[in-house]
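What follows is a set of notes on a single structure, which appears directly below.
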Amino acid sequence: MVDPDNVTIYDRDDRDLEEFLLFSIAVAGKTAKTVAPIVDRFVKEITNDGLYPILASIRGCECMGTDIAEMLKDHGLGCHTHKAKSFVDVARKDLDLRRCSVADLENCFGIGPKTARFFIMHSRKDAPPLAALDTHILKFLVEQGVEDVPKTTPSAGPTYIRLEQAFLDHVPYDMSPAEFDLEVWKRYRK
């Protein structure tokens with residue numbers, strides 16, 4: 001199960017990496033500590049308690065007519081229809097999760113700049129400098145005096161890029177963007 005307090009793990013095995021991607025998708029707009037056990041229960045059900053790979057299991061269930069959205073609903077995940085479409089699209093695309101780019105992930109249904117960056121920065125030691133602009137990061141930027149910071153995550157485009165750079169400019173020299181992202185999240189989540 002993904003530990004929201006310890007999401008920066010660079011040596012995940014394939015199964016954990018797939019689960020982390022599903023968590024990254026599912027947590028968008030939700031509370032991490034609530035979503036982590038929901039994703040864990042879903043993964044256990046769809047893989048027959050870990051006997052099969054996660055994304056391959058999603059593809060198999062979808063081919064057999066299993067309603068992924070109903071499964072997510074039964075596990076208590078809100079926006080289950082939208083999240084199911086994202087899970088199925090990611091499974092169909094069969095991406096190399098160790099090398100795919102932000103753009104590759106954003107080409108999947110329901111994955112925007114925040115989710116793509118969150119997944120990459122917290123799963124790859126060699127990730128380029130990125131920022132997952134969630135409400136916590138946006139509050140931090142306001143406190144730092146950055147101008148024109150919206151209350152919600154902007155979509156891809158110049159505003160996102162400007163705010164991403166503003167965040168990266170505040171990352172201490174002795175921390176990675178992923179480490180600082182987690183520190184800001186812990187400070188502002190309360």
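Going by C-beta contacts inside 10 Å, put L138, L55 in order with the fewest on the left.
Final ranking by Cβ density, sparse to dense: L138, L55.
List the lysines whose alpha-carbon lies under 16 Å from that of K190, not counting same-chain residues fewer than 8 positions away?
Result set, ordered by chain and number: K30, K33, K139.
Identify the GluC sites (Glu not before Pro) of the stretch 77-184 meeting these criteria: DSSP loop state and at most 10 other C-beta atoms within 10 Å of the C-beta.
Answer in residue order: E147.
I want to verify a result. In a Gaussian network model of the chain, Cα cutoff 10 Å, which of these has the top mean-square fluctuation: A91, A132, A156?
A156
Please give the length that would be gained between I9 and C63 if that part of the chain were fully extended, namely 0.36 nm times their separation in residues minus their C-alpha to C-alpha distance (nm, one decimal).
Difference between extended and current length: 16.2 nm.
Starting from the Cα coordinates of the chain, work out the convex hull volume and express it per residue in Å³.
109 Å³
May I have the pair-distance distribution P(r) for the stretch 66-139, computed from all Cα-Cα distances with 5 Å bins from 0 and rounded to whole percent?
The distribution over the stretch 66-139 is 3, 16, 21, 20, 19, 14, 5, 1, 0, given as percents.
In terms of Cα to Cα distance under 15 Å, which aspartates and glutamates are near enough to K125, apart from those fewer than 8 places away along the same chain?
D11, D13, D174, E179, D181
Using Cα springs under 10 Å in a Gaussian network model of the chain, which residue among P128, P113, P154 shows the largest mean-square fluctuation?
P128
Hey, fewest Cβ within 10 Å first, where do L21, L72 land in order?
Arranged by neighbour count, lowest to highest, L21, L72 become L72, L21.
How do H80, H75, H170 line up, fewest other C-beta atoms within 10 Å first?
H170, H75, H80
Every number here is computed from the coordinates shown, using simple stated rules; none is lab data. On a predicted model such as this, the values are computed, not experimentally measured, just so you know. When we count neighbours, we look across all protein chains shown, and the Cβ atoms used for this are built from the backbone with ideal geometry, even at glycine.
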